[in-house]
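Taking it in order: structure first as structure tokens, then the write-up.
The values are calculated or read from the model by the stated rules, or taken from the named source; none is laboratory data. Note that this is a predicted model, so its numbers are computed, not measured. Heavy atoms of the whole protein, side chains included, go into the accessibility calculation; ligands, DNA and RNA do not. Shrake-Rupley method; radii C 1.70, N 1.55, O 1.52, S 1.80 Å.
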Amino acid sequence: MSLKRELQRRVTGTGSCYIQAYFRDNNQSEEDYQLRPAQIQYFFRHSLQVMNNENTLETATFTFAYVRWYKDLNIEAHVTTFDSINTKCISNTFIDRSYMDILPVHCIHSPIGMYINKLANCNIVINLPTVHLFLNHIF
């Protein structure tokens with residue numbers, strides 16, 4: 001099954017689709033991106049007419065995911081036990097909505113497992129083995 005179909009099945013089905021993607025906090029420099037866990041809400045496409053080298057119009061279509069980004073866990077609530085086994089704890093709440101919620105699919109780094117509300121105010125992120133895909137060929 002293709003990654004696109006699998007992600008769409010999880011988003012539109014009963015399950016949720018959790019990912020790690022590159023995120024830039026507004027308080028950091030433009031070059032400082034970090035991997036942050038997010039939940040995909042839905043996918044959408046945007047098409048527009050662009051001029052090509054032969055001075056004719058052609059349609060370019062881009063695929064995006066609308067995501068909700070999870071907040072980092074407060075330092076005093078950090079659970080170090082999970083850091084040693086390829087997992088980490090994050091807050092179970094989302095950051096405020098912003099333009100960063102619209103994510104080009106090529107910025108998706110990898111799917112993750114998520115153990116929801118296992119600890120008080122905390123979700124456990126499980127890093128899955130990554131497979132580097134060329135998403136522009138899938139979507």
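Numerical summary
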{"read-out": "Residues satisfying the stated conditions in region 47-68, i.e. of a type in the set (A, V, I, L, M) and open to solvent by less than 100 Å² (accessible area, probe 1.4 Å)", "value": "L48, V50, A60, A65, V67"}
{"read-out": "Residues of region 50-76 classified as within 16 Å of F94 (Cα to Cα) and acidic (D, E), total", "value": "1"}
{"read-out": "L135, sole failed condition from (1) under 30 Å from H46 (Cα atoms); (2) modelled with pLDDT of 70 or more", "value": "(2)"}
